[in-house]
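Here is the structure we will look at, set down as structure tokens.
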Amino acid sequence: MAERYDRQIRQVDVISSEFETTFFDRFWGEHGQSALKNCSVYLLEASATGTETLKNLILPGVGSFTVIDDKETKWRDLGRNFFVDQDAATSHLPRAETTRQWLQELNDEVLGHSLNISIDSFLEEYKPEDGLFPVFVCCSLDEQILWKTSEFCWRHQIPFIYAVSCGFFGFVRIAIPEHCVWDTREELVSQELRLSEPFEELEQYCNNFPLESMDDTNHSLVPYAVILVKALKAFKDSHQGRRPESREDQETIRALLKSWMRTATEENFVEALKHCHFIKSSIEPNESLQRIFNDSNAEVESIRQKVYSKDRNLEFWILVAAVKQFFIEEHKLPLKGSVPDMISDTESFVGLQRVYKKRAEKEHWNVYRHVENICKQVGLETNFLSPCQVFEFCRNIRSIAVMRYYSIQEEMTNGSILKDALGSCLARNEQDAYLYVAFRCYLKFYQQQGRFPGQVMDGNLTSPLDYEQDYLQLVQLAEEYSETCDIEKLQVYLKEMCRCGDSELHSIAALTGGIAAQEVVKIITKQFQPLRGWFIFNGARSTSVTIPLCT
């Protein structure tokens, strides 16, 4: 599958036990591509932003998509939506099917469907497809639809992405009860090499490098990891077995490394000096990982409940519980097993990789035995998770994350949540946060009037007096936010929202759709951390702001 999609590739070096090979892989890898293939995306309203979002998901090979829209294609759609044509507007064809046909042209490997029904009807009739991971992308500017759809997704644990554009402004919001990231793609080399507490096999390997008796050529090709292990041993031998802890200890080690250098430009020793802090780095889990270990979801009883409720994150929490048990017994996290690039000859580097790989495999199998035991305790088959899944999780254990969002309902009804989120943005002088309040007023105006402020109705131009009346009503709606933000500063953004009416500029829609699609890919592949709440793009100033609504 991955070889079909060569638009986003990176070079990956893989060292086997016998030889070195190079291949190309997608940013999200084979696991991510498989997750995309097993995903079904539902677009609620075929707006320009919505079709641009789908475009960026169909191209990389999402499994299937469904467009839900009960509106006819109109002439005004031609000026904003790239995925409608003149024939459809002339014949007033269903917008759902029109956009589906053109989107389908992008990738014939993706299954496309259209439903010419209302969003309310769709929610009543929706049945999940077996074996497919659903994601809902809502692009409606109707606040009632936003409320109903987000509540439906929240109740069924379906990832919900809200993406709309109004004039020069784009808005994206993510709402998921719990999203577990299997790989944030953060590299923590200092912990992964475990140089502060080298294991027995590593120490034995380092004994093969007698620095004092080596010739200059070989001396300059010793991997810095080996040099640091030797420096740590020398320090402990001269300090009654004590490990380096203070800054003075680190300076002592730096002086020792400099004394071992044959020339001032030995690159491997320069690398060792650069990374000498690795030998005093803690191998304890960082604060984020410790919180995950302490989470009640990592307890066996909680996992048993997840089995009964068919929780989407069951596998994640089984693996967390297994690694936690490994840490309790071994007082360290399982090795990743990979080695970063460093100055070395091929033989020494490959040998070092083998040492780390073998040790990592040994520890990963220990974790797998904990997985089997946990599965047995909660009533699952012991092979519920494959060794491959366990090993991959162990390799990324330092880069996992758990994100819990506030629901749309909590956001709209709990004033303290919004006040804290906006307050943190405005305290950093992020003025675009005012756009959020302006947008909320914009949606409320539609609920009250059945149209958007400044909207041209039935082809009749809106008079300056109508604009002024709409603007004054927006100001009145904004009064409820007077304790949260400065109404005078907000008025500038209210005028802009009134001026844009219900327009959807294709360039802004394309950018907003691209961002929304990127977040969908993160959610589907469970790689990289998605946005933590609202993302707002100000196309008039080419600036943006993120309003956090996630713990």
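Only one of (1) exposed (fewer than 14 other Cβ atoms within 10 Å of the Cβ); (2) under 30 Å from L273 (Cβ atoms) fails for F349. Which number is that?
The single condition F349 does not satisfy is (1).
So which residues in segment 384-394 are over 18 Å from the mean Cα position of the chain (by Cα) and in a helix (DSSP H, G or I), if there are any at all?
Correct list: P387, C388, Q389, V390, F391, C394.
Can you tell me which residues in segment 222-250 are closer than 22 Å to E192 by Cβ and not in a helix (DSSP H, G or I)?
Once the filter is applied, which keeps residues that are closer than 22 Å to E192 by Cβ and not in a helix (DSSP H, G or I), segment 222-250 yields V222, P223, R243, P244, E245.
Against the conditions (1) touching a Ser or Thr at 6+ places or on another chain (Cβ under 8 Å); (2) farther than 28 Å from Y406 by Cα, where does Y162 fall short? Just the number, please.
Of everything listed in (1) touching a Ser or Thr at 6+ places or on another chain (Cβ under 8 Å); (2) farther than 28 Å from Y406 by Cα, Y162 misses just condition (2).
Find the helices (runs of 4 or more DSSP H) located wholly in segment 77-172 whose residues include 2 or more that are crowded, with 18+ Cβ neighbours inside 10 Å and touching a strand residue (DSSP E or B) at 6+ places or on another chain (Cβ under 6 Å), and list them.
95-104, 119-125, 143-155
Hey, could you check segment 270-321 for residues that are touching a helix residue (DSSP H, G or I) at 6+ places or on another chain (Cβ under 6 Å) and of a type in the set (F, W, Y) and say which is farthest from S386 (Cα to Cα)?
Looking at residues that are touching a helix residue (DSSP H, G or I) at 6+ places or on another chain (Cβ under 6 Å) and of a type in the set (F, W, Y), I get F278.
Just to verify a result, which residue in segment 61-72, among those that are buried (at least 24 other Cβ atoms within 10 Å of the Cβ) and under 24 Å from the mean Cα position of the chain (by Cα), is nearest to W147 (Cα to Cα)?
Per the stated criteria, the residue is F65.
Collect the residues in segment 235-273 that are under 19 Å from L202 (Cα atoms), surrounded by fewer than 16 Cβ atoms within 10 Å (Cβ to Cβ) and in contact (Cβ under 8 Å) with a residue 12 or more places away in the chain, keeping them in residue-number order.
R243
Do we have V456 as closer than 26 Å to E52 by Cα, modelled with pLDDT under 95, among the hydrophobic types (A, V, I, L, M, F, W, C) and in contact with a Cys (Cβ under 7 Å, 6 or more places away or on another chain) here?
no
Can you name every residue in segment 406-434 that is of a type in the set (S, T, N, Q) and either buried (at least 18 other Cβ atoms within 10 Å of the Cβ) or part of a helix (DSSP H, G or I) (or both)?
S407, Q409, T413, S416, S424, Q431, listed by residue number.
Failed condition for I343, given (1) more than 19 Å from V402 (Cα to Cα); (2) crowded, with 20+ Cβ neighbours inside 10 Å, with all others met?
So the condition that I343 fails would be (2).
Just wondering, is there one or more residues in segment 194-216 that are polar (S, T, N, Q), under 27 Å from the mean Cα position of the chain (by Cα) and crowded, with 18+ Cβ neighbours inside 10 Å?
Within segment 194-216 (the criterion being polar (S, T, N, Q), under 27 Å from the mean Cα position of the chain (by Cα) and crowded, with 18+ Cβ neighbours inside 10 Å), the answer is no, since none of the residues qualifies.
Can you pull out every residue in segment 523-541 that is surrounded by fewer than 21 Cβ atoms within 10 Å (Cβ to Cβ) and within 19 Å of N38 (Cα to Cα)?
Listed by number, the list holds a single entry, F528.
Tally the residues that are in contact with an Asp or Glu (Cβ under 8 Å, 6 or more places away or on another chain), of a type in the set (S, T, Y) and crowded, with 18+ Cβ neighbours inside 10 Å, restricting the search to segment 372-405.
Of the residues in that region, 1 qualify.
The values are calculated or read from the model by the stated rules, or taken from the named source; none is laboratory data. In this text, all values refer to a predicted model and were calculated from it rather than measured experimentally. Note: ideal-geometry Cβ built from the backbone for every residue, glycine included; neighbour counts use all protein chains shown.
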